[in-house]
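The values are calculated or read from the model by the stated rules, or taken from the named source; none is laboratory data. Because the structure is a prediction, the values reported are computed rather than measured. Glycine also receives a Cβ, built like all others from the backbone with ideal geometry; neighbour counts cover every protein chain displayed. Keep in mind that these areas ignore ligands, DNA and RNA; they rest on the heavy atoms of the full protein, side chains included. Shrake-Rupley method; radii C 1.70, N 1.55, O 1.52, S 1.80 Å.
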Amino acid sequence: VGSKGIESARPRGARALIILLTPGAGSAQRAAVARALRELGVEAEEVRLGARHALVVERPEAAPPAESLARIDGVERVIPLAPRAPLAAGTLRTGGGVAIAGAVFGGGHVGVIAGPCTIEDAASLRDIAARVAAAGAVCLRGGVFKVRTSPHSYQGGGLAALRELAGVAREVGLPFLTELTDPRQVEDVAGLVDGIQIGARHMQNFPLLVEAGRTGKPILLKRHMAADVDEWLLAAEYVLATGNQRVILCERGLKSGERHVRYLLDVGVVPYLKRRVGLPVIVDPSHAAGDWRLVPPLARAAVAAGADGLIVEVHPRPEATRSDALQALPPDAFLRLMDDVRALAAMDGRSVQPARAGERSAVGI
Ligand code: PEP
Ligand code: MN
């Protein structure tokens, strides 16, 4: 559904602004506020709210923003009735699952994305892809544009690596998701991937959100480690506003003063978001934990809380990897985790989508 459909479904007055006047505002003051509004081209109707007075703006589209109107003398507060992220809110009616080339997240399906943090070479990617597919992952992850805190750390193989590695993903038969960081690269690389990951640090890279959205590819939108839910949903709104409805939200942990985990996983946001939006919500236990031994329990908590999927970092030789080695789950632990995920999903009648028949034979199982 584009923004048009949502607009026309909205009942009259749903976008209204309530301009609450200061207590005891007399008729002269009320008239002065109404005059100030008229000078701004804003039509308003006066209403009584018990002992208080307010002005209702039914069509605030052309009006200055609420915080500007709040500067008019005699105005106590401006209360917008429209949700701040109307397109995201609208998905509550229209939403179902979102698929990344056949890997389904939501609508009763729990999808698991797995793979290395960073892709090192074709051989190791082929090995990891075969192992995670055999365990039941439905989508392959792996970064080539790594977002590293220090410019001195390994930055990833870049576009050249992506060209080579997208081919490996196709060979193995799993849909392929990778993080893009630069709006200038989106057009060039969109054709090589099945889904685009927007990393936590780029959640508010608005030009990137727009360019990624315009590709029409599924967008995995991670929550920034310091973002509140509204900021996250407004970031999703940038993608939805391009007409691309294929947004998957991903909680990956918040910055806190704690040191026992890398980030504090907000498990509660999963059931909370289910009440606000119809977009699938998945969880990344790897970046939250920062330690592979904590990954399976966090992953289980996420699925138990209703997450529509997981994105997990898996590596058969963590000691050899150049990024996020400590949190990389060995393949045998991933295999066991997938059993738990299937059991937990079954508890509330959901299924963990198996790899499709063609994909299974492609990985030799
Ligand atoms: C990643 O998935 O490799 C990554 C960098 O994650 P995040 O953006 O959540 O830090
Ligand atoms: Mn990582």
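A search for C-beta distances below 8 Å between a residue of the range 59-79 that is without any contact (Cβ under 8 Å) to a residue 40 or more places away in the chain and any residue that is in a loop (DSSP other than H, G, I, E, B) and surrounded by 11 or more Cβ atoms within 10 Å (Cβ to Cβ), counting only pairs 6+ apart in sequence or on different chains, returns Ala62/Val42; Pro64/Leu40; Pro64/Val42. Figure legend. Inter-residue proximity from the range 158-174: first residues under 15 Å from Ser124 (Cα atoms) and modelled with pLDDT of 85 or more, second residues among the hydroxyl-bearing types (Ser, Thr, Tyr) and outside any helix (DSSP H, G or I), beta-carbon distance below 7 Å, spacing 6+ or different chains. Indicated pairs: Leu162/Thr178.
Is one or more of the residues making up the range 96-115 of a type in the set (Gly, Ala, Ser) and within 16 Å of ligand 2 (Cβ to nearest atom)? Yes: one or more hits. Here Leu159, Leu174 are screened, and the one residue that is of a type outside the set (D, E, K, R), more than 14 Å from ligand 1 (Cβ to nearest atom) and part of a helix (DSSP H, G or I) is Leu159. The set of residues in the range 203-226 being open to solvent by 10 Å² or more (accessible area, probe 1.4 Å), touching a strand residue (DSSP E or B) at 6+ places or on another chain (Cβ under 8 Å) and not basic (Lys, Arg) consists of Asn205, Thr215, Met225, Ala226.
Within the range 308-336, residues that are at pLDDT below 95 sit with their Cβ atoms under 6 Å from residues that are within 16 Å of ligand 1 (Cβ to nearest atom) and outside any loop (DSSP other than H, G, I, E, B), at 6+ positions apart or across chains, in these pairs: Ser323/Thr118.
Of all residues in the range 39-51, those that are free of Cβ contacts under 8 Å to residues at least 60 places away in the same chain have Cβ atoms under 7 Å from Cβ atoms of residues that are open to solvent by 80 Å² or more (accessible area, probe 1.4 Å) and among the small types (Gly, Ala, Ser), 6 or more apart or on another chain, in Gly41/Ala62. Of the listed requirements (1) under 15 Å from Ala25 (Cβ atoms); (2) surrounded by 15 or more Cβ atoms within 10 Å (Cβ to Cβ), Val57 misses just one: (1). Residues in the range 71-94 that are part of a loop (DSSP other than H, G, I, E, B) and open to solvent by less than 40 Å² (accessible area, probe 1.4 Å): 4 in all.
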